[in-house]
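Q: Mind looking over this structure? Questions follow.
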Amino acid sequence: MSLKVSVLNKEGQEVEKITLPKEVFGVTPNLDLIAQYIRMYQANQSQGTHKTKTRSQVSGGGKKPWNQKHTGRARAGSSRSPVWVGGGISHGPVPYTKRLSLNKAQKRGALVSALSCALQTKSILVLDRLDMDKLKTKDAIGILNNLKIDKKALLVISAKKEVAERFKVLRSFRNLSQVSVCDSRAINAFELSSVALTVLEKEVISELCNK
């Protein structure tokens, strides 16, 4: 697998070729580790606060609705039975803590595996720099058209980018549902596995080596 890729500018023109670091983009992907990371990520997104009340927790229902016999009606001991309207819920959800974790080496392994997979499937594009002259979605669409990006993509910008510049990039791409933006500190195996194309700023590559 070749580690040599083209670096493009915002107009979609090639400005140079670079060789990606093998320790980040050239490893043998560990698909099991990627799957573990995705399970951990999704499980930890759940708040675990859903709850319904059982028949013992619903207010009321302490008095027997009618006599056991001689009414012609089905026997009932409480108006809060799960079969009654306004009754408790049987086997409903309860609050829980479902936190999964991986150690730092495993998270790193999942990330480099996902990046290596992306390179193998030619799903990585490198930009020399992603800056916005103005805070305009129209300009963001123009950049995507120049780069021929017509599928779900992740734009990874440098963590060293100035706050004002980062703000303009984030706001310009925010209304585009097929594109998400993060910096090199937030990139992870789940985000990489959820998109068809990953666009990296050139400066991000060295930051990933130190991540």
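Q: Just need the relative contact order of the chain here, percent rounded to a whole number, with Cα pairs under 8 Å and 6+ apart.
A: With pairs under 8 Å counted, the relative contact order is 25 percent.
Q: Can you tally the net charge around residue 33? Count Lys and Arg as +1, Asp and Glu as -1, for every other residue whose Cβ sits under 15 Å from the Cβ of residue 33.
A: +3
Q: Beyond a 29 Å Cα-Cα separation, which of these cross-linked pairs lie in this structure: 51/211; 138/202; 10/122; 51/107?
A: Table pairs above 29 Å Cα-Cα are 51/211; 51/107.
Q: Whose amide H sits under 5 Å from the amide H of residue 125, counting only residues 5 or more places off or on another chain, with H placed in the peptide plane?
A: 198, 199, 200
Q: Please list 121-127, 173-179 highest first by mean number of surrounding beta-carbon atoms within 10 Å per residue. Mind dumping the intermediate values first?
A: Details: 121-127: 17.1, 173-179: 15.1.
Answer by packing, highest mean first, reads 121-127, 173-179.
Q: What is the magnitude of the charge dipole of segment 47-97 about its Cα centre, with +1 placed on the Cβ of each Lys and Arg, -1 on the Cβ of each Asp and Glu, and no other charges, expressed in debye to the nearest 20?
A: Using only the charged Cβ atoms, the result is roughly 260 debye.
Q: Provide the net charge surrounding residue 9, with neighbours chosen by a C-beta distance below 12 Å and charges set as Lys +1, Arg +1, Asp -1, Glu -1.
A: Result for the local shell: -3.
Q: R0 = 30 Å: FRET efficiency of residue 139 with residue 16, Cβ-based, nearest 0.05? It would help to have the intermediate numbers written out before the result.
A: On the way: r = 24 Å, r/R0 = 0.79.
The computed FRET efficiency comes out at 0.80.
Q: Taking the Cα centre of the chain as the origin, how large is its charge dipole in debye, to the nearest 20, when only Lys and Arg (+1) and Asp and Glu (-1) carry charge on their Cβ atoms?
A: 1840 debye
Q: In whole Hz, what ³J(HN,Hα) sequence does segment 192-202 give by Karplus (6.51, -1.76, 1.60; θ = phi - 60°), x for Gly and Pro?
A: In residue order, the calculated couplings are 5, 6, 9, 10, 8, 8, 10, 10, 10, 5, 4 Hz.
Q: Please compute the alpha carbon radius of gyration of the chain, then divide it by the globular-protein estimate 2.2 N^0.38 Å. Two decimals is fine.
A: The chain yields a ratio of 1.59.
Q: In nm, to one decimal, how far is the residue 81 label point from the residue 31 one, both placed 7 Å along Cα→Cβ?
A: Reported label-point gap for residue 81 and residue 31 is 5.3 nm.
Where a number appears in this text, it was derived from the coordinates with a stated rule and is not lab data. Since the model is a prediction, treat every value here as computed from it, not as a measurement. Methodologically, a virtual Cβ is constructed for each residue, glycine included, from the backbone with ideal geometry; neighbour enumeration extends over all protein chains shown.
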